[in-house]
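Notes follow once the structure below has been shown.
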Amino acid sequence: MTDFAATRRAFHLPDGITYLDGNSLGPMPRHAADRVAAMMRDEWAGMLITGWNRAGWYDQPRRVGDRIARLIGAGEGQVVMGDTLSIKVFQALSAALALRPGRRVILSDSGNFPSDLYVAQGLARMTGAELRVVAPEDVAAAITPDLAVLMLTEVDYRTGRRHDMAGLTAAAQGAGALTVWDLAHSAGAVDVDLLGAGADFAVGCTYKYLNGGPGAPAFIWVNPRHADAAQPVLQGWMGHAAPFAFDPAYAPAPGIERMRVGTPPVIALAALEAALDVWEGVDMAALRARSVALTQAFIAGVRSACPEVVLASPGDPALRGSQVSLRHPQAYAVMQALIDRGVIGDFRAPDLLRFGFAPLFNGPDDVDRAVATLAAILREGSWDQPRFHQRAAVT
Ligand SMILES: *Cc1c(COP(=O)(O)O)cnc(C)c1O
């Protein structure tokens, strides 16, 4: 039994705030600040350069990767941390492409996050590959025998629509292609089963549902059947077979270690390790069940209390991640009014109100408050005040 009251208490959540934006930046686990302070004092200050061995900084990217592996249906020694997600997309996509010589088509969908598509565009320009982008519903039909790599984000950042990872992986592999799955909105949100799906590569970030803090490092997973064959294009010294031999010629480390690039972000990894403590003992099936219950309750509440908004997420929880998006022509001003009353979600252009439900710290009380606050704002028309229409530079 996962104790979600206890996981909620583990976070610092400002008083009076209902936080439904953990899908963008997870809140701070209470003990993360102490952990980082201790790392600075005892390890950096106290050990200086000996920290690489004595404090285990060198092995930390793998050690932390093992803790994430359990959350995404991967095995020990298959996940490594480092860099940002955009860079890990490049590492995975370029390695997958190189494993399919003679093929040059990358398939993705228009619901993918722009950075993933930008990286693919740059890689296509560099390698002569072709990027094909189709609507999310058309992906299965667009899998053709010339495909090299199917690159998808499992859960759409705007709508929360969830792809069928096992089905699409099987279809792509049936056509002789490899798959790269981006788990940015899946890891810590849904029950991911990479090995069960037989996926080839996966990447994800840790500052969303995993609560590792702003700029927390990304992760990469390579299926063990490819791990010793995959050639990283970003061949950094930390991915070398013998980094401290300082050999001028590159030789890849065995297995997942080759996907490391340079010096790991040790301070950020300390915060992430603290965040992962909260995941100890969390059963992923229970997490998924709670996520479905919360999103279903929110949708039902909005349908009855706010009939004028349109559901932009799939109504079937099997086709949805852990967020719910609603359409409203004045979505930006409505979200500003919600934030003004302590309900924090976010806005995505042109007309989406986005609410992320993070089962570790969101509960039924958050659902009730969000529905009631949204209904009151729409009933009163109180979003229609000039201050809610001033559009600051949106980042
Ligand atoms: C959040 C997100 C990113 C962000 O990439 P960074 O390099 O960490 O800034 C990339 N891809 C997807 C699918 C995302 O959801």
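Each value in this text was obtained by applying a stated rule to the coordinates, not by laboratory testing. No experiment lies behind these values; they were computed from the predicted model shown. In this analysis, Cβ positions are derived from the backbone assuming ideal geometry, glycine residues included, and neighbour counts consider all displayed protein chains.
Span-like helices, the chain: DSSP H, alpha-carbon axial extent 15 Å or more, mean Kyte-Doolittle -0.5 or greater, which ones? Qualifying helices: 85-98, 114-127, 266-277, 284-305, 364-380. Straightening the chain between Ile267 and Asp247 buys 4.4 nm, computed as 0.36 nm per residue apart minus the Cα-Cα spacing. Each of Ala184, Pro364, Val89 was placed along the dipole of the chain (beta-carbon charges, centred on the mean Cα), and the one lying farthest toward the positive end is Val89.
A simple count of charges around Trp57, restricted to other residues whose Cβ falls under 11 Å of its Cβ and scoring Lys, Arg +1 and Asp, Glu -1, yields 0.
With the cut-off at 1.5 for a/c, could you classify region 139-260 from its C-alpha gyration tensor as rounded, prolate or oblate? Judged from the Cα gyration tensor, region 139-260 comes out oblate (a/c at least 1.5, b/c at or above a/b). Label zone of Gln173 (point 7 Å out along Cα→Cβ, amide N under 20 Å): in region 182-214 this covers 182-183, 191-204. Tally Lys/Arg at +1 and Asp/Glu at -1 over every other residue whose Cβ is under 13 Å from the Cβ of Val309; what's the total? Net local charge, Val309 excluded: +2. Per residue, the chain reaches -10000 deg cm²/dmol at 222 nm when only DSSP H runs of four or more residues are counted, each adding -39500 (n - 2.57).
Computed from backbone phi, the HN-Hα couplings of region 200-212 come to 9, 10, 8, 9, x, 10, 10, 9, 8, 5, 8, 6, x Hz, rounded to whole numbers (Karplus: 6.51 cos²θ - 1.76 cosθ + 1.60, θ = phi - 60°; Gly and Pro given as x).
The mean of 1/r over all distinct Cα pairs in region 93-210, once inverted, gives the Kirkwood hydrodynamic radius of 14.1 Å.
Distance from the Cα centre of region 319-377 to that of region 232-291, in angstrom? Cα centroid to Cα centroid, the span is 33 Å. With 0.36 nm allotted per residue and the present C-alpha distance subtracted, the Gln235-Ser115 stretch has 41.1 nm of extension available. If I build a Gaussian network model for the chain, linking alpha-carbon pairs within less than 10 angstrom, which residue out of Phe246, Phe347, Phe113 has the largest mean-square fluctuation? So, out of Phe246, Phe347, Phe113, the one fluctuating most is Phe246. Note on region 1-120: Cα convex hull, mean projected area over all directions, 11.9 nm². Seen through its C-alpha gyration tensor, with square-root eigenvalues sorted a ≥ b ≥ c, region 97-150 comes out oblate because a/c lies at 1.5 or above while a/b is not bigger than b/c. When the convex hull of its Cα atoms is viewed from all sides, region 32-277 shows a mean projected area of 12.9 nm². For region 47-133, relative contact order (Cα pairs under 8 Å, six or more residues apart, normalised by length) works out to 21 percent. Once the Cβ-Cβ distance of Thr127 and Asp59 is raised to the sixth power relative to R0 = 35 Å, the FRET efficiency obtained is 0.60. Evaluated with a Cβ-only charge set (Lys, Arg +1; Asp, Glu -1), region 32-277 carries a dipole of roughly 320 debye about its Cα centre, given to the nearest 20. Residues whose amide H falls under 5 Å from that of Gln323, counting only those 5 or more places apart or on a different chain, are Phe357, with hydrogens built in the peptide plane.
Take the Cα of Gln385, step 7 Å toward its Cβ, do the same at Ala141, and the gap between the two points is 4.8 nm. Would you please classify the overall shape of region 225-279 from the alpha carbon gyration tensor, given that a ≥ b ≥ c denote the square roots of the eigenvalues, rounded means a/c under 1.5, and beyond that prolate means a/b larger than b/c while oblate covers the rest? Because a/c hits 1.5 or more and a/b fails to exceed b/c, region 225-279 counts as oblate. Pairs of Cα atoms nearer than 8 Å and 6+ residues apart set the relative contact order; for the chain it is 22 percent. With 0.36 nm allotted per residue and the present C-alpha distance subtracted, the Thr50-Arg327 stretch has 94.3 nm of extension available.
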